[in-house]
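Structure first, then comments.
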Amino acid sequence: MPAHRVIHAVSSLQIGGAERLVVDLAAVQRRQGLVPTILNFGSNDDPLCADARHQGIAVTNLRGINSNYAKTATIARTLKGSGPSALHIHSPWCLPRLALLLPFFKGKVVYTRHGAHAYDSIAWKILHRWTHSYVDQLTFVSEQSRDVHLRAYGANAVAHTVLEFGVEIPPRRNGPPAPHAPVRIGCVGRLVELKAQGILIDAMARLRSAVPRELHLFGDGPDRAKLQAQAREVDREKIHFHGTVLDRAAIYRDLDILVVASRMEGLSLAMMEAMAREIAVVATDVGGNSRLIMNGRTGLLVPYGDAAALARALDGMLDSADLRTQLATAGRSLIESGFSLEKTAANLLPIYALR
């Protein structure tokens with residue numbers, strides 16, 4: 001009997017929460033006995049391509065194929081395959097090329113909205129209404145992303161559910177940090193306005209705690225030069241830019257606090273990864289963040305754009321190692337109980353109708 005196939009369609013395999021999640025999910029599905037393939041609308045040079053292939057996941061890249069006909073033919077071959085299959089679309093930017101092929105796909109079609117952008121222009125509405133005719137299940141990673149989409153398209157457009165994704169849970173951390181070491185504050189994400197690293201740097205300038213600390217920024221993007229100039233005005237010796245780092249162990253190994261200062265989030269992969277590793281989290285009260293952070297219990301929530309409030313939250317964590325430990329321990333427990341990637345993969349099986 002042919003193996004069950006799952007084709008994950010992504011706009012790229014650049015470093016990003018949704019993209020990383022797709023690679024991790026495909027790896028878990030491979031362990032389940034499925035045959036996952038990633039249909040990447042980006043290029044073979046995307047950073048996560050090598051990671052996916054290292055884990056035994058087939059990747060088909062579309063950028064670099066010169067003609068539109070050849071791209072369409074490549075997508076059609078990928079969708080056709082053999083045996084029962086499911087197509088899982090993870091980005092609206094895949095829809096323009098997938099739309100005309102959806103009527104010919106024989107398996108289940110699942111469309112996941114990872115973010116909370118409405119995509120409600122006339123062109124997007126036409127495209128989504130066509131797509132909804134062929135989607136069997138629309139899933140959202142947070143209630144906010146569901147509400148935004150349904151306000152634009154109506155509650156009866158297609159069967160839908162909120163399906164919270166998760167992360168793989170690593171072994172527990174080995175002991176406390178070295179005595180007298182500075183407290184390491186981290187931020188993981190693209191250096192773009194949406195992620196608001198500038199507000200975090202502003203908050204660093206407002207800190208009153210006397211506890212030694214450092215800020216470590218992981219990620220790259222168009223705002224890097226501007227943020228580095230801002231950091232030089234604050235304290236360049238205590239603010240470090242690491243660029244794109246693929247090794248998550250290297251990112252989280254020495255962090256004591258993770259900050260998510262974003263203007264908008266679905267269900268933040270960086271937050272879940274940090275909490276799973278017993279790292280205390282401060283996050284803005286937007287999107288799905290409040291699903292992960294019960295304020296004062298599993299982390300701290302602050303209003304978006306309020307550098308003073310963010311500084312006060314960080315001062316509290318800097319001055320109390322006990323508070324950091326308490327929040328980190330509770331955060332790990334929350335991820336273990338409700339946000340494991342194995343649970344996500346199991347919940348997708350009946351949606352795919354592959355079991």
**OP:** Would you mind finding the one in LEU258, LEU300 that is over 19 Å from the mean Cα position of the chain (by Cα), outside the structural domain of LEU21 (by TED's automatic domain parsing) and part of a strand (DSSP E or B)?
**Re:** LEU300
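If we keep just the residues of the range 280-301 that are of a type in the set (A, V, I, L, M, F, W, C) and touching a strand residue (DSSP E or B) at 6+ places or on another chain (Cβ under 6 Å), which is farthest from ASP202 (Cα to Cα)?
If we take residues in the range 280-301 being of a type in the set (A, V, I, L, M, F, W, C) and touching a strand residue (DSSP E or B) at 6+ places or on another chain (Cβ under 6 Å), then ILE293 is farthest from ASP202 (Cα to Cα).
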Original post:
Which residues, counting only those in the range 44-55, are touching a residue at least 24 places away in the same chain (Cβ under 8 Å) and small (Gly, Ala, Ser)?
Top reply: ALA52
**OP:** Answer yes if at least one residue in the range 42-53 is farther than 22 Å from LYS106 by Cβ, exposed (fewer than 13 other Cβ atoms within 10 Å of the Cβ) and out of contact with any strand residue (DSSP E or B) (no Cβ under 8 Å at 6 or more places or on another chain), and no otherwise.
**Re:** yes
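Of the residues ARG53, ARG97, ARG77, which is closer than 23 Å to GLU273 by Cβ and outside any strand (DSSP E or B)?
After applying the criteria, what remains is ARG53.
Specify which of the listed residues (LEU349, LEU327, LEU323) is buried (at least 23 other Cβ atoms within 10 Å of the Cβ), part of a helix (DSSP H, G or I) and over 20 Å from the mean Cα position of the chain (by Cα).
When all the criteria are applied, what remains is LEU327.
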Original post:
Which residues, taken from the range 184-209, are within 14 Å of MET317 (Cβ to Cβ), assigned to a loop (DSSP other than H, G, I, E, B) and of a type in the set (A, V, I, L, M, F, W, C)?
Top reply: LEU207
Original post:
Taking the range 256-268 as the search range and keeping residues that are buried (at least 24 other Cβ atoms within 10 Å of the Cβ) and aliphatic (A, V, I, L, M), which one is nearest to GLY17 (Cα to Cα)?
Top reply: LEU267
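Could you tell me whether the range 105-125 includes any residue that is assigned to a helix (DSSP H, G or I) and crowded, with 16+ Cβ neighbours inside 10 Å?
Step one: filter the range 105-125 for residues assigned to a helix (DSSP H, G or I), giving 122-125.
Applying the additional criterion that residues be crowded, with 16+ Cβ neighbours inside 10 Å yields 124.
Within the range 105-125, one or more residues are assigned to a helix (DSSP H, G or I) and crowded, with 16+ Cβ neighbours inside 10 Å.
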**OP:** State the number of residues belonging to the range 19-47 that are within 20 Å of ILE75 (Cβ to Cβ) and under 13 Å from the mean Cα position of the chain (by Cα).
**Re:** 3
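In this structure, is ALA311 in contact with a Lys or Arg (Cβ under 7 Å, 6 or more places away or on another chain) and at positive phi? Walk me through it before giving the result.
Numbers: in contact with a Lys or Arg (Cβ under 7 Å, 6 or more places away or on another chain): yes; at positive phi: no.
When the stated conditions are applied, ALA311 does not pass them.
If you check ALA249 against the conditions, is it assigned to a helix (DSSP H, G or I) and more than 14 Å from CYS187 (Cβ to Cβ)? Steps first, please.
On the way: assigned to a helix (DSSP H, G or I): yes; more than 14 Å from CYS187 (Cβ to Cβ): yes.
Yes, satisfied.
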Subject >> Whichever residue in the range 151-180 is at pLDDT below 85 and among the aliphatic types (A, V, I, L, M) and, among such residues, is farthest from ASP285 (Cα to Cα) >> reply: ALA178
Original post:
Can you name every residue in the range 278-305 that is touching a residue at least 60 places away in the same chain (Cβ under 8 Å) and within 20 Å of GLU19 (Cβ to Cβ)?
Top reply: GLY287, GLY288
**OP:** Working only within the range 5-36, note down all residues that are assigned to a helix (DSSP H, G or I), touching a residue at least 40 places away in the same chain (Cβ under 8 Å) and farther than 18 Å from ASN61 by Cβ.
**Re:** GLY17, LEU21, ASP24, LEU25, VAL28, GLN29, GLN32
**OP:** Give the residues of the range 56-71 that are surrounded by 14 or more Cβ atoms within 10 Å (Cβ to Cβ), touching a residue at least 12 places away in the same chain (Cβ under 8 Å) and either part of a loop (DSSP other than H, G, I, E, B) or of a type outside the set (Lys, Arg) (or both), sorted by residue number.
**Re:** ILE57, ALA58, VAL59, THR60, ASN61, LEU62
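The values are calculated or read from the model by the stated rules, or taken from the named source; none is laboratory data. All values derive from a computational prediction rather than experimental measurement. Neighbour counts run over all protein chains shown; Cβ positions are idealised from the backbone, glycine included.
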